[in-house]
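To keep things clear, I will list the structure first and then write my remarks on it.
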Amino acid sequence: MSPQEQQSILTIALLAGFADGHKADAEREAIRRMAESLGQEDAGAGLPRLYQDVLLKRVSLADAVSGLEEPGQRQLAYEMAVCVCDADGRQSDAERVFLADLKSRLKLDPVAAAAFEREADAIVDAAEKAVPVAASVASGADLDKSILNYALLNGALELLPQSWASMAIIPLQVKMVYAIGKAHGVELDQGHIREFIAAVGVGLTSQYLEQFGRKLLGGLLGKVAGRAIGGIGGAATGMAFSFATTYALGQVAKRYYAGGRVMSTALLQESFQSLLGPAKQMQTQYLPQIRQKAATLDAGQIMQMVRGGI
């Protein structure tokens with residue numbers, strides 16, 4: 001995939017991220033940091049500028065679509081846009097209008113587009129109907145083991161060839177935080193948990209954008225039509241973000257609820273950032289287990305994990 005094609009797909013993903021027009025300042029800041037982070041990669045040197053172009057409306061959807069000629073790349077761009085719009089739950093009216101316009105401009109195969117939409121809708125439905133699972137134990141060691149298991153699972157989801165598999169990551173993070181709160185005697189609902197995740201500095205939309213951006217720039221989506229997975233090096237780059245984000249989020253949640261929920265937003269974000277680097281190093285250690293878990297996952301299992309326990 002050429003740099004121009006990468007830029008076109010990422011432009012569409014960013015446009016999808018701002019399609020509803022209601023992104024809070026914190027989420028915009030998270031997306032900006034994401035662009036700067038990806039911009040440190042050689043292939044993504046222009047991403048910070050691209051972010052500004054999208055935010056200031058200096059680039060159009062028509063411009064981005066014109067840079068994609070291969071049917072597989074067009075399908076991938078649409079899948080990424082759907083996942084970004086679904087990041088914070090049900091699509092808004094503005095997001096549905098954006099996706100309908102995008103699908104028309106991309107001239108997609110209707111069968112392939114409809115199949116993906118069904119899969120994406122199923123994940124959203126499962127997340128909304130998820131039954132909270134209480135933690136059975138509350139010891140620090142057991143919670144650490146549970147957090148690691150969620151991190152391994154979310155890292156494995158990044159290795160699956162289906163684009164919609166990454167959509168399960170945030171619902172599973174929500175379930176993890178619920179279980180940690182429950183272990184400390186705190187009853188939580190999805191709204192509170194998502195607010196907590198955002199307060200920590202893990203923007204919902206920006207998290208999807210970074211997952212897809214790292215996959216794209218890391219070569220994991222280079223063979224789009226065949227949905228081939230990259231080699232070990234590329235896989236490690238692509239999954240590190242989700243593993244590390246989940247692990248650091250879980251550890252911050254454990255500190256927060258164990259300490260009586262008195263940490264300020266600034267302290268939550270500082271704690272999360274301090275844990276993120278070491279968590280990325282941990283991912284290398286657990287790479288064999290992540291790859292092994294990915295090899296055993298299928299669509300039915302993923303749906304069941306989102307709905308119920310893991």
field: Matching residues in the range 175-196 - criterion: being hydrophobic (A, V, I, L, M, F, W, C) and closer than 18 Å to Asp142 by Cα
entry: Met176, Val177, Ala179, Ile180, Ala183, Val186
Number of positions in the range 121-166 that are in contact with a Cys (Cβ under 9 Å, 6 or more places away or on another chain) and either within 22 Å of Ala279 (Cα to Cα) or at pLDDT 80 or above (or both): 1
task: State whether one or more residues within the range 72-91 are surrounded by fewer than 19 Cβ atoms within 10 Å (Cβ to Cβ), modelled with pLDDT of 80 or more and more than 30 Å from His192 (Cβ to Cβ).
output: yes
message: over 28 Å from His192 (Cβ atoms) and surrounded by fewer than 17 Cβ atoms within 10 Å (Cβ to Cβ): which single residue out of Ala295, Ala258 fits that description?
response: Ala295
message: Which pairs turn up if I take residues in the range 48-76 that are in contact (Cβ under 8 Å) with a residue 60 or more places away in the chain and assigned to a helix (DSSP H, G or I) and look for partners that are buried (at least 17 other Cβ atoms within 10 Å of the Cβ) and among the charged types (D, E, K, R) with beta carbon separation below 6 Å, at least 6 apart in sequence or on another chain?
response: Gln73/Glu5
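The values are calculated or read from the model by the stated rules, or taken from the named source; none is laboratory data. Quick caveat, the model's predicted, so the values are computed rather than measured. So basically every Cβ, Gly included, is an ideal-geometry build from the backbone, and we count neighbours across all protein chains shown.
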